[in-house]
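Visitor: Pasting in a structure now, in structure tokens, and then I'll have a few things to ask.
Laboratory data are not the source of any read-out in this text; all were calculated from the coordinates shown. Note that the structure is predicted; figures quoted are calculated from it, not measured. We place every Cβ from the backbone using ideal geometry, glycine too, and count neighbours over all the protein chains shown.
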Amino acid sequence: MLRFGATCLLALALAPYQCAASNDPSKAHEETPGEALHALALDFRARGDERSAQATLAFLVARYPSSRFAKAARDELGDGGRGDAGP
């Protein structure tokens, strides 16, 4: 019984090391919302739907302003990310 208890204690002590979290984007298994929205905007643009591409980029900037894709979206919008490409 003591041996079983020691084994359980060892397993619990090592558990945090088995599931080490990594915030490295290159190791991510799922895309972020910003990445998905940026890809969607590029798909709209490739299909000739510039209006939807602009709206998606503007939504990306508004909803996920700190995303690494928000900077690219602002650059692509060319208007500071406001979504109003007027004069």
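Visitor: Each label point is 7 Å from the Cα along the Cα-to-Cβ direction; what then is the distance between the points at residue 63 and residue 51, in nm?
Guide: Result for the modelled spin labels: 2.0 nm.
Visitor: OK, next. With each pseudo-label sitting 7 Å past Cα toward Cβ, what's the residue 26-residue 75 distance in nm, one decimal?
Guide: Placing both labels 7 Å beyond Cα along the Cβ direction yields 1.9 nm.
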